[in-house]
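Student: Next up is a structure, given as structure tokens.
The values are calculated or read from the model by the stated rules, or taken from the named source; none is laboratory data. Values in this document were obtained by computation on a predicted structure and should not be read as measured data. Please note: Cβ atoms are built from the backbone with ideal geometry, for glycine as well, and neighbour counts cover all protein chains shown.
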Ligand code: ME8
């Protein structure tokens, strides 16, 4: 038996500096589709994803929230995993850069690079963008700001280790221009890398920091932390067991077949990463793909957590189906370009492609098979030349889908599948089964028409399985296709369904959406949730209860702390009729002098109570402000004793 060929595909490892959003979903779904397709094609797939958990940004965020970096990331990583499970992401391995085995390997990698003379110690002076964890030279800044995200950069100067990136410039240029290797796609990124980074002269890269601690320590020089990108990029090999005992798959899966990411981090994957691998004497990944951004809102720009314009993938997949969301993202995004995200566009696409074309084709075909043949087609069928166009269109699909999906050109591949689906719908109208059904002599022709339709659905659904892994099995069930005829190879062959296939009616796969209604509902959900007061509303009472309370404005004559109590203040107030003593538990929020002379609200007819041995005659009213209380006060010209109603 021949060994399965290995196939190794990776997503970027995401920063858990905020919860995952639609942008992260795109890269991850894209990789999932390729991984699923390759598995169907018989490859032994390793699909890796994970989280990039070190660095100053995470350290700061945790500090702001008063927690530890690890506790902070643990929670967000759990959300990433939950989302991947919701979206049916079939990753084989999930790496966290805080995993012990990864830390151990990175320390060894750093030491190897140092021992081999590719890392040296010097002083770093330059600009640093904290959100991007990137160092920049003055000349790389755009209007004095970070060229990636446009934010402020800060001066940084410290003793640091440097990686001799400059030395690799000629080899990197050769790699990028090697047409046969076709290392980086789309090609526009090749020019970008050469013109923006290699031609101006690659600088050596600062690869350690001493100004924060949340990272992997350089194990031979205390106080130095490995630069987060060296830590992060190494994940692609540490996750296979490179320089650790956790896994033992390095020889099997390395070099990676594909690293997938968006354009802003292509620089790290097509320059720094290959240079590190060259320095380590390791083979280079075969392909690097830098797709565009899903953008959101009028200004465009990469949708990110920091801009707050996030569409919730949990809500979308729950309301419209995971497979619809997967389909939409892949169908809309043209590889290499940015793609604005719009719910409206998603609903239109859903209605036209999924509900009208695919859903309708399946339900009409199954319904007619049930209606005209009680669900089981007769063996005797009459095919004719007019069937050829539909069948040959389907013949062309598998190789085209393989080629386009494998190079992240999902929209092209999907468009072609849906052209066949549209052609099949037209084939129904051309053949008018409802007319054929009226004439017993035409039943063999009717059977052939329905069989061609069912078999075309089968072939399309096979190719759609990686994109819609939840719905396609339902389609197979409805059209009576068993496992033996739904393999990837089976998509290339005509007429594999049993000649006497039996269909079974199922649920409506894609119920039509009322676009306006859905948009309104999503908008309502997006409105910020109202923060409810801590105290729930009390039961209704009658007017007499209210009228029984005597509420008055009172003037504070004196105020002092009650000895041995950190809560109580003792007031002497004028209630308009005379002076009285009252206590109030607001000592934590006011210095006594602040309150003298103020006009406050008070319930004056409560029965006297004793607190800390002192009598309190009434209750000063205060209002909750978060976890504090503030007195209810009036303007000075309100007279003592004025009643409140
Ligand atoms: O850069 N459109 O992590 P990150 C499309 N930790 N893709 C998007 C996107 C959008 N609007 N937003 C995010 C990092 N992505 C590093 C990576 S790898 C060794 C280290 C996807 O959380 C896209 O793949 O900022 C992008 O490159 C990645 O998330 C950035 O994720």
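Student: For the stretch 230-252, indicate whether the set of residues that are within 16 Å of the ligand (Cβ to nearest atom) and more than 27 Å from the chain's Cα centre (by Cα) is non-empty.
Tutor: yes
Student: Let me ask another. With crowded, with 17+ Cβ neighbours inside 10 Å, within 25 Å of the chain's Cα centre (by Cα), at pLDDT 95 or above and away from the ligand (no atom under 16 Å from the Cβ) as the only criterion, which of 360, 351 stands out?
Tutor: Among 360, 351, only 351 is crowded, with 17+ Cβ neighbours inside 10 Å, within 25 Å of the chain's Cα centre (by Cα), at pLDDT 95 or above and away from the ligand (no atom under 16 Å from the Cβ).
Table: residues versus (1) outside the structural domain of residue 404 (by TED's automatic domain parsing); (2) in contact (Cβ under 8 Å) with a residue 24 or more places away in the chain.
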| position | (1), (2) |
| --- | --- |
| 313 | yes, yes |
| 328 | yes, no |
| 331 | yes, yes |
| 355 | no, yes |
| 363 | no, yes |
| 370 | no, yes |
| 381 | no, yes |
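Student: Another question about this same structure. Against the condition without any contact (Cβ under 8 Å) to a residue 60 or more places away in the chain and surrounded by 21 or more Cβ atoms within 10 Å (Cβ to Cβ), how does residue 54 come out, does it pass?
Tutor: Criteria not met by residue 54.
Student: Considering 408, 397, which residue is within 27 Å of residue 354 (Cβ to Cβ) and not in a helix (DSSP H, G or I)?
Tutor: Only one candidate qualifies: 408.
Student: Sort through 60, 81 and tell me the only one that's in a helix (DSSP H, G or I), modelled with pLDDT of 95 or more and out of contact with any helix residue (DSSP H, G or I) (no Cβ under 7 Å at 6 or more places or on another chain).
Tutor: Answer to the selection: 81.
Student: It is to be established whether one or more residues within the stretch 580-602 are farther than 30 Å from residue 315 by Cβ, at pLDDT 95 or above and more than 58 Å from the chain's Cα centre (by Cα).
Tutor: Yes.
Student: Restricting attention to the stretch 256-268, does a residue exist that is modelled with pLDDT of 95 or more, more than 14 Å from the ligand (Cβ to nearest atom) and surrounded by 19 or more Cβ atoms within 10 Å (Cβ to Cβ)?
Tutor: Yes: the stretch 256-268 contains one or more residues that are modelled with pLDDT of 95 or more, more than 14 Å from the ligand (Cβ to nearest atom) and surrounded by 19 or more Cβ atoms within 10 Å (Cβ to Cβ).
Student: In addition: Here is a check on your reading of the model: is residue 237 assigned to a helix (DSSP H, G or I) and in contact with a strand residue (DSSP E or B) (Cβ under 8 Å, 6 or more places away or on another chain)?
Tutor: Spelling it out, it is not the case that residue 237 is assigned to a helix (DSSP H, G or I) and in contact with a strand residue (DSSP E or B) (Cβ under 8 Å, 6 or more places away or on another chain).
Student: Quick one: is residue 479 closer than 22 Å to residue 28 by Cα and either within 28 Å of the chain's Cα centre (by Cα) or touching a residue at least 24 places away in the same chain (Cβ under 8 Å) (or both)?
Tutor: Against the criterion (closer than 22 Å to residue 28 by Cα and either within 28 Å of the chain's Cα centre (by Cα) or touching a residue at least 24 places away in the same chain (Cβ under 8 Å) (or both)), residue 479 does not qualify.
Student: From the list 645, 584, 558, exactly one residue is closer than 23 Å to residue 535 by Cβ and surrounded by fewer than 19 Cβ atoms within 10 Å (Cβ to Cβ). Which is it?
Tutor: Only one candidate passes the filter, namely 645.
Student: Oh, and also: Which condition number does residue 317 fail, the rest of (1) within 16 Å of the ligand (Cβ to nearest atom); (2) in contact with a helix residue (DSSP H, G or I) (Cβ under 6 Å, 6 or more places away or on another chain); (3) not assigned by TED's automatic domain parsing to the domain that holds residue 429 being met?
Tutor: Every listed condition holds for residue 317 apart from (1).
Table: residues versus (1) without any contact (Cβ under 8 Å) to a residue 12 or more places away in the chain; (2) surrounded by 15 or more Cβ atoms within 10 Å (Cβ to Cβ); (3) not in a helix (DSSP H, G or I).
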site	(1), (2), (3)
71	yes, no, no
85	yes, no, no
88	no, yes, yes
98	no, yes, yes
107	no, yes, no
121	no, no, yes
162	no, yes, yes
168	no, yes, no
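Student: In addition: Could we say that residue 498 is outside any helix (DSSP H, G or I), without any contact (Cβ under 8 Å) to a residue 40 or more places away in the chain and within 29 Å of residue 412 (Cβ to Cβ) here?
Tutor: no
Student: Counting just the residues of the stretch 1-45 that are more than 16 Å from the ligand (Cβ to nearest atom) and touching a helix residue (DSSP H, G or I) at 6+ places or on another chain (Cβ under 7 Å), which one comes out farthest from residue 247 (Cα to Cα)?
Tutor: 37
Student: If you don't mind, there's one more thing I want to ask. Looking at the stretch 182-198, can you tell me whether even one residue there is in a strand (DSSP E or B), surrounded by 23 or more Cβ atoms within 10 Å (Cβ to Cβ) and at pLDDT below 95?
Tutor: no
Student: Answer yes or no as to whether residue 38 is in a helix (DSSP H, G or I) and in contact with a strand residue (DSSP E or B) (Cβ under 7 Å, 6 or more places away or on another chain).
Tutor: Yes: the conditions hold for residue 38.
Student: Quick one: in the stretch 437-446, which of the residues that are touching a helix residue (DSSP H, G or I) at 6+ places or on another chain (Cβ under 8 Å) and surrounded by fewer than 24 Cβ atoms within 10 Å (Cβ to Cβ) is farthest from residue 380 (Cα to Cα)?
Tutor: So, considering only residues that are touching a helix residue (DSSP H, G or I) at 6+ places or on another chain (Cβ under 8 Å) and surrounded by fewer than 24 Cβ atoms within 10 Å (Cβ to Cβ), the one farthest from residue 380 (Cα to Cα) is 437.
Student: Further question on the same structure: Across the stretch 16-29, what is the number of residues that are part of a loop (DSSP other than H, G, I, E, B) and crowded, with 24+ Cβ neighbours inside 10 Å?
Tutor: Going through the stretch 16-29 one residue at a time, the tally reaches 2.
Student: When you go through (1) without any contact (Cβ under 8 Å) to a residue 24 or more places away in the chain; (2) under 30 Å from residue 18 (Cα atoms) one by one for residue 115, which number turns out not to apply?
Tutor: The number of the failed condition is (2).
Student: Please determine whether any residue of the stretch 454-475 is over 21 Å from residue 428 (Cα atoms), modelled with pLDDT under 95 and assigned to a helix (DSSP H, G or I).
Tutor: no
Student: In the list 505, 517, which residue meets the criterion of being farther than 25 Å from residue 29 by Cβ, at pLDDT 95 or above and not assigned by TED's automatic domain parsing to the domain that holds residue 363?
Tutor: Of 505, 517, the one residue that is farther than 25 Å from residue 29 by Cβ, at pLDDT 95 or above and not assigned by TED's automatic domain parsing to the domain that holds residue 363 is 505.
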